[in-house]
Amino acid sequence: MFSGDSKLTSAVACTSACAGAAVAYLVLTSRGSSRGSAPGTLPFKSEQRGTGEHAHLDFERLPVAVMRQRATDFHSLLDTRRTVRFFSNEVPPMDVLEKCILAAGTAPSGAHLQPWFFAVVKDPALKAQIRVDVEAEEQQNYDQRMKKTWVDDVKGMVAKVHQGDTVQKPYLTEAPYLVVLFKQTSSLKDDGSTQTHYYASESTGIAAGMFLAALHNANLTTLTSTPMGAEAKIRKTLGRPDSEKVFLLLPVGWPAKDATVPNRARNGRKEVASISKVF
């Protein structure tokens with residue numbers, strides 16, 4: 001299922017709320033390796049050579065014209081990415097999703113401690129329980145916790161999902177996979193002592209961004225959802241330790257044939273001059 005020096009551990013857990021239901025957990029404990037790919041598929045060489053505490057980086061430069069073309073092509077690809085709330089019930093290959101998780105696992109992290117955990121929920125009962133918990137808390141968010149300006153800003157995005165003033169999140173159960181991305185604030189060392197994770201939020205956020213890019217590159221769609229108020233319930237449902245905090249919920253799959261997205265000029269992207277400046 002995985003090649004090279006990548007490591008994947010899996011576990012199956014059941015909860016009292018969903019007796020008999022099971023979920024497969026995927027966690028990256030080291031960077032994925034591209035060495036299992038067919039020869040000649042990488043556009044340039046970037047690999048470490050030698051022994052010792054620090055190895056030499058053998059890095060191949062590309063011609064400037066090729067660099068420009070690759071940057072243009074990559075932007076063009078990502079510019080077609082859209083957030084999707086309406087999913088097909090067709091199930092994409094699990095190995096494609098696993099490769100996307102491995103791609104996310106190449107993200108840089110504080111002290112290279114990789115403070116993330118990807119739980120892939122396939123079981124319908126577990127997805128249903130998570131949806132119930134998220135919708136209940138989100139209703140309170142809309143009714144009490146969120147400012148009116150916040151509710152107004154997202155009204156157009158959720159208009160076709162919510163039932164009037166009633167919060168609905170059907171994508172949590174309709175998508176074939178529900179990926180729960182956890183941020184790990186600490187972990188256990190081999191000797192049983194606690195290892196603190198540094199910049200866990202920043203590191204997990206970078207991994208999340210790389211996961212989104214990997215999914216789109218693999219012809220899959222998703223939605224970034226923050227289950228405010230339901231984090232502890234989700235962690236308990238999936239049997240994860242207190243040292244892990246829910247960072248994002250990401251339903252993953254193909255869009256439904258009748259899926260819609262907000263109609264925006266240029267997909268709503270800002271021009272480069274408004275998001276960057278050279279000093």
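Taken together, the values in this text are just the output of simple stated rules run on the coordinates, not laboratory data. Predicted model only: the values in this text are computed from it and were never measured. Glycine gets a Cβ as well: all are built from the backbone with ideal geometry, and neighbour counts include every protein chain shown.
Structure above, values below:
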{"quantity": "Distance (nanometres) between label positions extended 7 Å along Cα→Cβ at Val66 and Ala259", "calculated": "3.4"}
{"quantity": "Given Lys99/Lys155; Lys127/Lys257; Lys236/Lys257; Lys45/Lys127, the pairs whose alpha carbons are separated by over 30 Å", "calculated": "Lys99/Lys155; Lys236/Lys257; Lys45/Lys127"}
{"quantity": "Sequence-distant aspartates and glutamates (8 or more away, or on other chains) whose Cα lies within less than 15 Å of Lys245", "calculated": "Glu202, Glu231"}
{"quantity": "Global form of segment 154-279, assessed from the alpha-carbon gyration tensor, a/c cut-off 1.5", "calculated": "oblate"}
{"quantity": "Cross-link partners of Lys148 among aspartates and glutamates (Cα-Cα below 16 Å; sequence separation of 8 or more within a chain)", "calculated": "Glu138, Asp165"}
{"quantity": "Segment 177-251, Cα convex hull volume normalised per residue, Å³", "calculated": "106"}
{"quantity": "Amide H within-cut-off set for Trp116, under 5 Å, with H built and near neighbours excluded", "calculated": "Gln184"}
{"quantity": "Stokes-Einstein D in µm²/s, Kirkwood radius over Cα pairs - segment 40-176 at 20 °C with 1.002 mPa s viscosity", "calculated": "108"}
